[in-house]
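One structure below.
The values are calculated or read from the model by the stated rules, or taken from the named source; none is laboratory data. Every value quoted in this text rests on a predicted model; they were computed, and no experiment measured them. Here the Cβ positions follow ideal geometry from the backbone for every residue, glycine too, while neighbour counts run over all protein chains shown. Just the protein is used for accessible areas: all its heavy atoms, side chains included, with ligands, DNA and RNA removed. Shrake-Rupley method; radii C 1.70, N 1.55, O 1.52, S 1.80 Å.
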Amino acid sequence: MNSEAVDSLDVTFNWSRVAAAPAGTPLEVAFNREAIAIVERVSDQLKTSVYSREHVIYGLVTDLRRHPDDETGKVGVQALLQRRSRTIWMDLPDADYHTAVHCHDTGTAVRVRGVLTSPPGGTATMMVVDFGPDPSLGQ
C-alpha cells in the first residue's frame, strides 16, 4: 500500500458466527495518516511473533502416526486454540501413544498439558508433560 496516497484507514470486522465479538468491541476502527507507521510495525510483529507457553488443551485424538520401530509416535489432537479449532501435534512415548490410540478408537476426549508453540499461520506443536483421558469426564 502506498502510504502517501492514504489519508485514513477504516477497518471493519466480521466476527465468526460461532464466537461472539468480545463485549464492548467497536464496529469500526479508523487510523489517520500519522498512525500508518505504527500500524505497519504492529502488523510486522504480529505476523512473526510465536506463541509459546505452558498450556492445557482438551480435545480429540484425530491423527496417529508411528512406524513399528519408532520409540515415539506422532499424535494430532483437535482442540480449541484461541477460539479456533486447530490440530496440535505432539510426539508421545510408547505408553502415552498407546493411550492416545485407545482414546482415538473409543472417541474419548483427552487432556494434554505441556509447552504449546503456535506460530502465525504455522503448525501448532506441544512438548507434552502430561497426557491422558480427560478426567473431568469421569472415565
Can you find a residue that is closer than 14 Å to Val56 by Cβ and open to solvent by less than 70 Å² (accessible area, probe 1.4 Å) anywhere in the stretch 91-108? no
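One line per residue, one yes/no per condition, for (1) modelled with pLDDT under 80; (2) open to solvent by 80 Å² or more (accessible area, probe 1.4 Å); (3) under 21 Å from the mean Cα position of the chain (by Cα):
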position: Ser16; (1), (2), (3): yes, no, yes
position: Ala30; (1), (2), (3): yes, no, no
position: Arg41; (1), (2), (3): no, yes, no
position: Gly59; (1), (2), (3): no, no, yes
position: His67; (1), (2), (3): no, yes, no
position: Asp70; (1), (2), (3): no, no, no
position: Ala79; (1), (2), (3): no, no, yes
position: Gln82; (1), (2), (3): yes, yes, yes
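Can you tell me which residue is modelled with the lowest pLDDT among those in the stretch 84-139 that are assigned to a strand (DSSP E or B) and small (Gly, Ala, Ser)? Give the steps one after another, and end with the answer.
Of the residues in the stretch 84-139, the ones assigned to a strand (DSSP E or B) are 84-93, 110-118, 124-133.
Within this subset, residues satisfying the condition of being small (Gly, Ala, Ser) are 85, 114, 118, 124, 132.
On the way: Ser85: 89, Gly114: 94, Ser118: 81, Ala124: 89, Gly132: 95.
Top of the filtered list is Ser118.
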